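Trainee: The structure is given below, and queries will be raised subsequently.
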Amino acid sequence: MPFGSEPPQLLRRKLFYQGRKFAYEVNRLRLPNKVEGEFECVRHPGGALVIPVTPEGKLVLVRQYRFTVKSRILEFPAGTVEEGEEPAVTVAREVQEETGYKAASIEPLGEFFLAPGYSDEIIYAFLGTGLERLEHPPEQDDDEDIEVVLMTPEEVEAAIATGDLADAKSISAFVIARSKLMGG
């Protein structure tokens, strides 16, 4: 049987940390070629991201402080999928909380792994259209510091090229939606 045709055997799983949004574990595995090793993994319930589009064709992004990179970064609205929650419900909530807009339509774009080398987190990407500004938007979470930014698809593409938009999930979702956003 060629390497990779059978799964590795789990010999031991050790949970080091269980947090509010993720867990960190180290697994001892025996690979199909009989080599044993330690494999670290961040377990995450998944995230959902939406590319909101205004009736004028502007994309709604947020610039928010991310303590892990010690700066404010540009990204599309996103959030952690809560237990038992459908990802479309997650993005409908997040677009309202983070931007003050409500999307009339939420269309799935696809899904992808964020960093499969060390995490099982999957991102569910959506396109949000028919946006309307909420008169009374929901309160942002206490730990969020968010500025809403409107950009054309061409401006987003330029921001990716210059590194001003460097968030992998936002870049991936934009690439998936690019033909819909840029007319072909």
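The values are calculated or read from the model by the stated rules, or taken from the named source; none is laboratory data. Fair warning: this is a prediction, and the values are worked out from it, not measured in the lab. Ideal geometry is used to build each Cβ from the backbone, glycine not excepted, and the neighbour counts take in all protein chains shown.
Trainee: Return the total of residues in segment 62-81 being assigned to a loop (DSSP other than H, G, I, E, B) and over 10 Å from E98 (Cβ atoms).
Mentor: Number satisfying all stated conditions: 5.
Trainee: Take E75 and tell me if it is within 18 Å of F174 (Cα to Cα), assigned by TED's automatic domain parsing to the domain that holds L150, crowded, with 21+ Cβ neighbours inside 10 Å and modelled with pLDDT under 95. Steps first, answer last, please.
Mentor: On the way: within 18 Å of F174 (Cα to Cα): yes; assigned by TED's automatic domain parsing to the domain that holds L150: yes; crowded, with 21+ Cβ neighbours inside 10 Å: yes; modelled with pLDDT under 95: no.
No: the conditions fail for E75.
Trainee: I would also like to ask the following. Here is a check on your reading of the model: is V35 hydrophobic (A, V, I, L, M, F, W, C) and within 30 Å of P7 (Cβ to Cβ)?
Mentor: Values: hydrophobic (A, V, I, L, M, F, W, C): yes; within 30 Å of P7 (Cβ to Cβ): yes.
Answer is yes for this residue.
Trainee: A further question on this structure: Which of the residues spanning segment 120-154 are more than 20 Å from Y65 (Cα to Cα), in contact (Cβ under 8 Å) with a residue 60 or more places away in the chain and outside any strand (DSSP E or B)?
Mentor: Passing the criteria: D120, E121, G130, L131, T152, P153.
Trainee: For V62, indicate whether it is in contact (Cβ under 8 Å) with a residue 60 or more places away in the chain and surrounded by fewer than 18 Cβ atoms within 10 Å (Cβ to Cβ).
Mentor: Answer is no for this residue.
Trainee: Which residue is surrounded by the most Cβ atoms within 10 Å (Cβ to Cβ), if the candidates are limited to segment 81-95 and must be among the acidic types (D, E) and free of Cβ contacts under 8 Å to residues at least 40 places away in the same chain?
Mentor: Start the filter on segment 81-95 by keeping residues that are among the acidic types (D, E), which leaves 82-83, 85-86, 94.
Next, from what is left, pick out any that are free of Cβ contacts under 8 Å to residues at least 40 places away in the same chain: 82-83, 85-86.
On the way: E82: 13, E83: 6, E85: 15, E86: 12.
Among those residues, the one meeting the criterion is E85.
Trainee: Another question about this same structure. Specify which of the listed residues (G117, G84) is in a loop (DSSP other than H, G, I, E, B), more than 21 Å from A166 (Cα to Cα) and out of contact with any strand residue (DSSP E or B) (no Cβ under 8 Å at 6 or more places or on another chain).
Mentor: G84
Trainee: Among the listed residues E154, E98, E135, identify the single one that is surrounded by 13 or more Cβ atoms within 10 Å (Cβ to Cβ), in the same structural domain as K70 (by TED's automatic domain parsing) and not hydrophobic (A, V, I, L, M, F, W, C).
Mentor: One residue alone meets the criteria, E98.
Trainee: Can I ask one more? Among (1) within 19 Å of the chain's Cα centre (by Cα); (2) in the same structural domain as V60 (by TED's automatic domain parsing); (3) not β-branched (V, I, T), there is one condition Y118 misses while meeting the rest; what is its number?
Mentor: Condition not satisfied by Y118: (2).
Trainee: Taking S105 and the conditions (1) more than 17 Å from K58 (Cβ to Cβ); (2) surrounded by fewer than 17 Cβ atoms within 10 Å (Cβ to Cβ); (3) touching a strand residue (DSSP E or B) at 6+ places or on another chain (Cβ under 9 Å), which numbered condition does it fall short on, given that it satisfies the others?
Mentor: (1)
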